[in-house]
Amino acid sequence: MTIKAEYIWIDGTEPTPLLRSKTKILTQATDLPIWGFDGSSTNQAPGKASDCVLNPVFSCPDPIRGGANVLVLAEVLLTDFSAHPTNTRSALVDVVDKYAGQESLFGIEQEYTLFKGSRPLGFPEHTGYPGPQGPYYCGVGSDDIYGRPLVEAHLDACLTAGLAISGINAEVMPGQWEFQVGPVGPLEVSDQLWIARWLLHRLGEDLGISVTLDPKPVRGDWNGAGCHTNFSTKAMREGYDAVITAAEALGKNPAEHVAGYGHGIEDRLTGQHETAHYTEFSYGVSDRGASVRIPWQVAADGKGYIEDRRPNANMDPYVVTKLIVNTCCGALA
Ligand code: ADP
Ligand code: MN
Ligand code: MN
Ligand code: MN
């Protein structure tokens, strides 16, 4: 029997990398081999020395092809098997090992915007705007909701793939949606988020809908798209002091965090549309205008997790979870 293995990797496009994939036919899926690709076509190598290596790090059932077919997330290596400069996963592995004893968990809320041609779904085809924001968030009905067939197909695909997807909702701007992955560990949430993003782009092909993770897809009085990153350690899940220590720690180096939270963050973290300004740091219970929110339930229970609201929709979860683990676990150690 033959198996189609879709090898998926993150390329070297700047400032925000793209997903790439290609298919390898295997006779069995127990041992996924390393593979290669032309790095000169993905901004990862010069033409004269173009070979890059794909090293499988995560695989799951392929919900689109079905059967025994698989999706394979691969990290990119140089031909000496060291990490490629675009491989942000390998640096996360070191930090995860260092703080493994703290048992970090992440739940990531991926917001995204659906487009048909050059306009978001729900926007008039050529010019003008839909009615102002208000009825769209978690709405129902064809006046307010656009793209649900793709969103539902994506949810089913993530579940069939065995990803830790934990929910979906329509967002504040028409054509904008969110799915959540987690809570699971930093490597798991990041690998699964990349696969879930790939599935969304891929399923969009079948419906003629394109997906963008642009953090500010429409200028003006329209919400941007973020990737709120919820975080806890064992100590935070057991007591409130650790929750406060983690929130305070994030206030020590906000510029370093914001710099790693996705290109174009200055356009999104304006201090409006449920964001705190990117130059300021604040945290608060229930506060959706703060950089970091402590959910009311966490304050009530005296334990739980914090939500870093700053990461952009286009962030790299390997970079974001590494920054948060380093900062918060460092402070809690
Ligand atoms: P909201 O939209 O109100 O900010 P969501 O329900 O969209 O919240 O997302 C909450 C996220 O918090 C989910 O992804 C969930 O997995 C995550 N989460 C819940 N408990 C924890 C925890 N202990 N540690 C880390 N993340 C958590
Ligand atoms: Mn949410
Ligand atoms: Mn949201
Ligand atoms: Mn949130």
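Some values worked out for this structure:
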{"quantity": "Cross-chain or 6+ apart pairs with Cβ under 6 Å, region 298-315 first and of a type in the set (Gly, Ala, Ser), then in a loop (DSSP other than H, G, I, E, B) and within 11 Å of ligand 4 (Cβ to nearest atom)", "calculated": "Ala313/Cys227"}
{"quantity": "Strands (runs of 3 or more DSSP E) fully within region 20-124 counting 2 or more residues that are within 30 Å of Tyr137 (Cα to Cα) and either among the polar types (S, T, N, Q) or modelled with pLDDT of 95 or more (or both)", "calculated": "105-116"}
{"quantity": "Considering residues of region 159-204 that are in contact with a helix residue (DSSP H, G or I) (Cβ under 6 Å, 6 or more places away or on another chain) and within 16 Å of ligand 4 (Cβ to nearest atom) only, the residue farthest from Ala68 (Cα to Cα)", "calculated": "Trp177"}
{"quantity": "Region 164-190 - residue that is more than 11 Å from ligand 1 (Cβ to nearest atom) and surrounded by 24 or more Cβ atoms within 10 Å (Cβ to Cβ) and, of those, farthest from Tyr129 (Cα to Cα)", "calculated": "Ser190"}
{"quantity": "Among the residues listed as Ile306, Ile294, Ile324, the single one being within 16 Å of Gly260 (Cα to Cα) and assigned by TED's automatic domain parsing to the domain that holds Ala259", "calculated": "Ile324"}
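Let's see how each residue does on (1) more than 16 Å from ligand 2 (Cβ to nearest atom); (2) surrounded by fewer than 16 Cβ atoms within 10 Å (Cβ to Cβ); (3) outside the structural domain of Val319 (by TED's automatic domain parsing):
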| position | (1), (2), (3) |
| --- | --- |
| Leu78 | yes, no, yes |
| Phe81 | yes, yes, yes |
| Ala100 | yes, yes, no |
| Leu105 | yes, no, no |
| Gln110 | no, no, no |
| Leu114 | yes, no, no |
| Ser118 | yes, yes, no |
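The rows are residues; the columns are (1) touching an Asp or Glu at 6+ places or on another chain (Cβ under 6 Å); (2) surrounded by 17 or more Cβ atoms within 10 Å (Cβ to Cβ); (3) within 24 Å of Asp316 (Cβ to Cβ).
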position: Pro56; (1), (2), (3): no, yes, yes
position: Val72; (1), (2), (3): no, yes, yes
position: Asn87; (1), (2), (3): yes, yes, yes
position: Ser90; (1), (2), (3): no, no, yes
position: Asp94; (1), (2), (3): no, no, yes
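Each row is one residue, and each column tells you yes or no for (1) within 13 Å of ligand 1 (Cβ to nearest atom); (2) polar (S, T, N, Q); (3) within 27 Å of Pro17 (Cα to Cα).
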site: Asn230; (1), (2), (3): yes, yes, yes
site: Met236; (1), (2), (3): yes, no, no
site: Lys252; (1), (2), (3): no, no, no
site: Val258; (1), (2), (3): no, no, yes
site: Tyr283; (1), (2), (3): no, no, no
site: Asn312; (1), (2), (3): no, yes, yes
site: Thr327; (1), (2), (3): no, yes, yes
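The values are calculated or read from the model by the stated rules, or taken from the named source; none is laboratory data. Bear in mind the structure is a predicted one, so any value in this text is a computation, not a measurement. Cβ atoms come from the backbone with ideal geometry, glycine included; neighbour counts cover every protein chain shown.
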